[in-house]
1. Can you confirm whether residue 36 is touching a residue at least 12 places away in the same chain (Cβ under 8 Å) and in contact with a helix residue (DSSP H, G or I) (Cβ under 6 Å, 6 or more places away or on another chain)?
2. So which of 139, 145 ends up being within 19 Å of residue 8 (Cβ to Cβ), touching a helix residue (DSSP H, G or I) at 6+ places or on another chain (Cβ under 9 Å) and without any contact (Cβ under 8 Å) to a residue 12 or more places away in the chain?
3. Checking the structure you have, find out if any residue of region 129-147 is modelled with pLDDT of 95 or more, under 23 Å from residue 18 (Cα atoms) and crowded, with 18+ Cβ neighbours inside 10 Å.
4. Look through 155, 126, 131 and report the one residue that is in contact (Cβ under 8 Å) with a residue 40 or more places away in the chain and either farther than 24 Å from residue 278 by Cβ or touching a helix residue (DSSP H, G or I) at 6+ places or on another chain (Cβ under 7 Å) (or both).
5. Please go through region 43-74 and give me each residue that is out of contact with any strand residue (DSSP E or B) (no Cβ under 7 Å at 6 or more places or on another chain) and either in a strand (DSSP E or B) or without any contact (Cβ under 8 Å) to a residue 24 or more places away in the chain (or both), ordered by number.
6. Among 177, 219, 140, 196, which is the only one that is in the same structural domain as residue 255 (by TED's automatic domain parsing) and farther than 24 Å from residue 35 by Cα?
7. If you check residue 122 against the conditions, is it closer than 17 Å to residue 63 by Cβ and part of a loop (DSSP other than H, G, I, E, B)?
8. Condition (residue is on the phi > 0 side of the Ramachandran plot and in a loop (DSSP other than H, G, I, E, B)) applied to region 229-244: is it met by at least one residue?
């Protein structure tokens with residue numbers, strides 16, 4: 001009998017290894033460390049893997065767009081039902097419904113396109129320090145264990161290196177920041193499977209993307225009373241990613257209004273090539289205290 005996963009990365013790899021139970025039906029589990037609701041990044045990555053298992057090998061993904069319908073229960077497995085909407089030689093479309101019993105948790109649309117070379121341009125990567133020169137996440141959490149226990153106790157399958165102060169450090173210094181720059185990669189070796197590497201980037205795209213909404217206002221998780229929930233998330237894939245090497249996730253927030261905020265982000269590789277673009281809309285409620 002194989003040993004149970006004993007690291008956060010091994011658990012994530014196991015969670016992304018969906019079990020096929022019928023034609024285009026897959027079952028996904030949760031890691032042992034979970035929040036009160038299923039983590040959106042996990043749900044997106046599992047949906048992406050389910051869709052990818054039903055398309056021709058080598059057909060690259062174009063877009064993943066997810067709408068979160070109900071909160072997932074981490075005590076239950078998730079069923080992913082893939083609907084084949086269209087298949088052609090160079091493109092395909094899938095819809096993936098994620099369910100727990102009769103409850104629809106999320107629905108995703110995934111497109112695939114192999115269109116060949118054409119016009120090319122992209123935004124420039126921001127200039128930041130190299131990841132090896134930056135502190136590890138656990139160093140940035142040192143002394144803040146009671147402020148952001150959710151971050152401290154969360155699984156850490158992805159290594160993060162902030163190129164700026166994270167929200168809780170910035171807030172402690174009384175600062176504001178209208179962007180975030182974080183180097184990310186798998187915290188250990190992972191199989192050379194293109195679907196898996198991209199799925200791990202999808203998983204990571206749900207981290208830090210809403211931070212710029214609150215740091216723009218000088219706020220932080222933990223210090224301030226903030227409720228946040230992801231409403232929808234879209235990621236466009238521009239180039240293949242190797243997620244066992246560092247990629248830079250550069251995020252900002254163009255707007256917040258009506259208790260909703262929009263976060264946008266770009267993934268760059270170490271050479272500055274733009275790999276993917278993400279947007280997420282979150283429902284955010286801020287409850288200011290009488291004294292800050």
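1. no
2. Criteria check complete, one pass: 145.
3. no
4. 155
5. 57
6. On inspection, the qualifying residue turns out to be 177.
7. Yes.
8. no
The values are calculated or read from the model by the stated rules, or taken from the named source; none is laboratory data. Because the structure is predicted, anything quoted here is derived from the model rather than measured. Cβ coordinates were reconstructed from backbone atoms using ideal geometry, including for glycine residues, and neighbour counts include every protein chain displayed.
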